[in-house]
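Here's the structure we're looking at; comments come further down.
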Amino acid sequence: MLLKKVDISFIVILSVLLISACSTASFSGKLDEGTIEYDMIYLQDQKENPIISLLPTTMSLKIKNNNSIQKIEGWMGVFQMAGIARRNENYKAAYLKIMGEKYAFETTMDGPAFGFDEYPKMKLVHSDSVKVIAGYKCKAYDVYLNDSSAAAFTIYYTEDIKLDNPNCNNPFQEVKGVLLEFQMKFQKIPVHLIAKKVIKEEIADDEFLIPDGFQKVSKEKIQEVINNLM
C-alpha cells in the first residue's frame, strides 16, 4: 500500500515537472510579444583569434508593441551590449557596459546601427531554399558580397513574427521578415547566428529604455571603447 502511494506521488511530481517544462517550450505560432534566443557561432578559430573564447555565445531579441531590443552579454555580465528600436517613436539607441563603464548613444530610426559591421557591396537574391528553424518555416535570401558571382552565405527569415523594419540594427534592412538564421561580422569577427528558441511571454516596457546610470555619448566614443578592449 505504501509503495502505491509512493508511485502516485512520483507520478504527480513528474507531471508537474513536465507541465513546467512545457510552459517554457519553444513557441511556433504568430508572435507579436516575446523573446527569440540565438546561438552565436564564431567562424574564426580560437588559435587564430584568442579573444573569441571570451566573447558572448548567445543573443536575445525581445519584441513588444513594435519595439525591440537586441542584447548580448558575456564575461558573467561584465560585458553587455544592446540595440533598442522604438519604431512608433522614430527612436533608436545602443548601450554598452564594460566593467564599471556605461555608455549609450541615441539616434533616429534611419540613424547609424551599432555593434555589427556593414557589408560593402552586398546583394540579396531570393532563394528557393526553405528551412524550419525553432519551429518556424523560413524563406531565404542568398547573400553576395564584393561583386562575387558565388553566394557567400544564405540567410533565413520568417514573416510570422510581427515587427516592422525588423532588421534596423543589422546589415539586412531590406529583409522584411525577422531573421532566424544569418551571418554577420561582430567587430570584424564573422559570426553565424541561429535561433534556438522562440518564447511567447510578457515583456516589461522598461526593457526598451536605456537603463539608469549610462552616460550619453557619440557612437564613435562607444566604438573607441570596444576597439581598446578587442
Bridge orientation stat for the stretch 79-230 from DSSP, antiparallel percent rounded to 5, came to 95
Loop trypsin sites (Lys or Arg not before Pro), the stretch 98-170, which have at most 10 other Cβ atoms in a 10 Å radius of their Cβ (DSSP) = Lys121
Probe 1.4 Å, accessible area per residue of the chain, Å² = 55
Can you give the FRET efficiency for His126 and Glu89, using 1/(1 + (r/R0)^6), R0 = 30 Å, r = Cβ-Cβ distance, to the nearest 0.05?
-> 0.40
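Provide the gained length on full extension for the span Asn65 to Asp32, in nm with one decimal, where the gain is 0.36 nm per separating residue minus the Cα-Cα distance.
Value of the extension gain: 11.2 nm.
Rounded, prolate or oblate: pick one for the stretch 126-230, where a ≥ b ≥ c are the square roots of the eigenvalues of its C-alpha gyration tensor, a/c under 1.5 means rounded, and failing that, prolate if a/b is larger than b/c, else oblate. Let's see the in-between values first.
Numbers: a/c = 2.37, a/b = 1.26, b/c = 1.88.
Oblate, since a/c reaches 1.5 and b/c is not below a/b.
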For the chain, which whole-number percentage of the solvent-accessible area (1.4 Å probe, protein heavy atoms only) is attributable to carbon and sulfur atoms?
-> 53
Selected from Leu179, Gly115, Ser218, residue furthest toward positive end of dipole (the chain; charges at beta carbon) = Leu179
Cα-Cα longer than 32 Å, checked against Lys30/Lys121; Lys139/Lys185; Lys102/Lys137, kept in input order, equals Lys30/Lys121; Lys102/Lys137
About the Cα centre of the chain, what is the dipole size in debye to 20, counting +1 per Lys and Arg Cβ and -1 per Asp and Glu Cβ, all else neutral?
-> 380
Could you work out how far helix 219-229 tilts from the main Cα principal axis of the chain, as a 0 to 90 degree angle to the nearest 10?
-> 70
Provide the FRET efficiency to the nearest 0.05 for the Ala204-Glu106 pair, computing r from the beta carbons and using R0 = 25 Å.
-> 0.80
So, with points 7 Å from each Cα along the Cβ direction, the Gln187-Glu174 label distance in nm works out to 3.0
In nm, spacing of pseudo-spin labels at Ser218 and Asp45 (7 Å Cα→C-beta vector) = 4.0
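The values are calculated or read from the model by the stated rules, or taken from the named source; none is laboratory data. As the structure is a prediction and not an experimental result, all values here were calculated from the model. All Cβ positions, even for glycine, are placed from backbone atoms using ideal geometry, and neighbour counts span all protein chains on display. SASA here: full protein model, heavy atoms, side chains in, ligands and nucleic acids out. Shrake-Rupley method; radii C 1.70, N 1.55, O 1.52, S 1.80 Å.
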